[in-house]
Amino acid sequence: MQYFSNTVGVLWLLWGISFVAGYEVPFADSDYSRQTCSGMWGGPSTFINVTFDASTSQGQVAMVIYEWKDMRYLGNVSSPTDDSMPLTYVCTSDAVKGGLCASSELGKFIIDLSPGQTIEQTSFWSARVALRSGGGDSAGLWNNPLGNPTPPPGNNTTPWRSRGASIPVEVHKVARQASGSSPALNPSPNGVLAYADPIQYQVRSTGYYCVGYAHPSNLAIVPVTVLSPTARQAPTDVPYHPTYNGVVLFQNTFQGKLPATDYPKVNFYLFMFFAYTAIGAIWAWLCYKHVNELLPIQYYLSSLVGFLVIEMVANWVYYRYLNAHGKNTAATVFLFVVAILDAGRNALSFFMLLVVALGLSVVRESLGRTMLKCQILAGAHFIFGVLYAVGIVELELESTSALILLMFVIPLAFTLSGFLMWILYSLNATMTQLMVRKQRYKLGMFKRLYYILLATVVVIAIFFVVSSFSFSDRLAEDYAAKSWKIRWWLLDGYLAILYFVSFWSIAYLWRPSENNRR
């Protein structure tokens, strides 16, 4: 009882770790792909912050923040007669001459709305931002005389004020309420904004949000070539490109550094730990009740139950640590520990199923040289399982080549298929021997085991087809936007639930009882 209370105390201590940061993605003018997108679980205090490094950022950049569903409004047709021409996304002097945008939009992203639609009816925030090395003049903040949204409580808020004559925020709110309309959540400012503090974009609905333009062949934060602000314009002036570094912070409904697509794993593995512990307690009670009737296979199963509880705790603590501290050396070491536990569980489970299907201690006393083959297959499955578990965490599905992904998947698929085919073949042979011997009770148990494994194979086949269709579109532009909510389920949740159901179904067949010896 004291051990149980101590364990619960440690779990609650880990659960109560305070996280103050969100999911952070660095960016720089030297990045090849300058888009920054992430899923967001919306709430009353969720937001996106864009912070430029004051000591290294200078010049002017075009910025846009939006939810993926509004992407179709970004850009304008460059040539109505040539479909091969890409869209024009940034309003330049050439774009103004071509009638693609107005001169008032110079240096901003082009947002081509439907007739009668206003930008307040979309999720767009767009601006031309002036960066000043060393932080700039404290008087030069946001040029937004039409008012500002109320930042959510907490850190990383953005103080805004007008560079010119300003209208008090409260007065503006009253005026807007009196006119019968509500202020926009993220109003786009007018003119050129002088950056001084983090740019904050409030998020109230769940979705996939992007800072900048999300098309992979274009820039997310587009530099605007300008003249030096410290010199007067003259024929000898030479334009220069801006330089910048910064961080995009996605603050979700949860506190921590995990991206929104991975955070469900924290609660999922906590739930799995409680589920394994609850059913494992019932198993332990049955073992205690029939301790004098236990078979060797039930000792093995008891050890595996304890191993599964430890594995679920390790997975949960790993994702809690990753959420608190992000990816670092300790997290990488922890990842290998979790991967070894996961691969060990799978290899041990299939090894035990195989030797049982071969009739060890039921039909024959020893497997001879066949046991060595079983051990070699289990060892190979363990190694490939470790590589797969590490790969799905470390690799970026959108950017990793199909060949690299197959190098992690195919070897594990071969050993898994080898186990399943060998187990099913051995079961058929064992059931044939039991049928000849007319041992009907044992035959009934092995038949039920056969049906459980057959159902598992069918579910895995369905899962493989569904996953193949899902991952076949991983290079599509909207793949991440469509799959960020369910990706964790396809990679972790689905197979974990399948194993849970299959394991306890088989354990139920071999549960301790008063008839074990007979």
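The values are calculated or read from the model by the stated rules, or taken from the named source; none is laboratory data. Just so you know, these numbers come straight off a predicted model, no measurement behind them. A quick note on method: Cβ atoms are made from the backbone with ideal geometry, for glycine too, and the neighbour counts reach across all protein chains shown. The accessibility values were calculated without ligands, DNA or RNA, using every heavy atom of the protein model including side chains. Shrake-Rupley method; radii C 1.70, N 1.55, O 1.52, S 1.80 Å.
Determine which lysines satisfy two conditions relative to K438: a Cα distance under 28 Å, and not lying fewer than 8 residues away in the same chain.
Reachable lysines: K447.
How much length would be gained if the chain were fully extended between I282 and A429, taking 0.36 nm per residue of separation minus their Cα-Cα distance, in nm to one decimal?
49.6 nm
Under a 1.4 angstrom probe, counting protein chains only, how are R72, R345, R511 ranked by accessible area, largest first?
R72, R511, R345
Using a 7 Å offset from the Cα along the Cα-to-Cβ direction at both L416 and F469, what is the distance between the two label points in nm, to one decimal?
Rounded to a tenth, the inter-label distance reads 1.8 nm.
Mind checking the full-extension length gain between R511 and V457? Use 0.36 nm per residue of separation minus the Cα-Cα distance, one decimal, nm.
Here the answer is 17.1 nm.
For the range 483-492, in order, what is each residue's ³J(HN,Hα) by Karplus, 6.51 cos²θ - 1.76 cosθ + 1.60 with θ = phi - 60°, in whole Hz (x at glycine and Pro)?
Karplus-based 3J(HN,Hα) across the range 483-492 equals 10, 5, 6, 10, 4, 5, 5, 5, 8, 10 Hz.
List the residues, sorted by chain then number, that are 5 or more residues from G59 or on another chain and whose placed amide H is less than 5 Å from its amide H.
When sequence neighbours closer than 5 places are left aside, the close amide H contacts are L131, S133.
Apply the Karplus parameterisation 6.51 cos²θ - 1.76 cosθ + 1.60, with θ equal to phi minus 60°, to every residue of the range 91-99 and state each ³J(HN,Hα) to the nearest whole Hz, in sequence, with x for glycine and proline.
7, 10, 4, 5, 5, 5, 5, x, x
Say each of S366 and I310 gets a label point 7 Å from the Cα, pointing the same way as Cα to Cβ; how far apart are those two points in nm?
Going by the 7 Å Cα→Cβ label model, 3.0 nm.
With the alpha-carbon atoms as the only input, what is the per residue convex hull volume for the range 268-417 in Å³?
129
Run the reach check for K482 against lysines, Cα to Cα strictly under 30 Å, same-chain hits fewer than 8 apart removed. What comes back?
K69, K108, K257, K265, K327
Enumerate the amide H contacts of V203 below 5 Å, restricted to partners 5 or more residues apart or on another chain; note that Pro and chain-start residues carry no placed amide H.
Amide H neighbours of V203, under 5 Å, 5+ apart: T46, F47, I48.
In whole Hz, with x marking every Gly and Pro, tabulate ³J(HN,Hα) for the range 329-335 from phi via Karplus 6.51 cos²θ - 1.76 cosθ + 1.60, θ = phi - 60°.
Each residue's phi maps through the Karplus curve to give 4, 5, 5, 5, 4, 4, 4 Hz.
Using modelled amide H (1.01 Å from N, peptide plane; none on Pro or chain starts), what sits under 5 Å from the amide H of T253, excluding residues fewer than 5 places away?
W41
Between D112 and A331, what length in nm is gained on full extension when 0.36 nm per residue of separation is reduced by their alpha carbon distance?
74.4 nm
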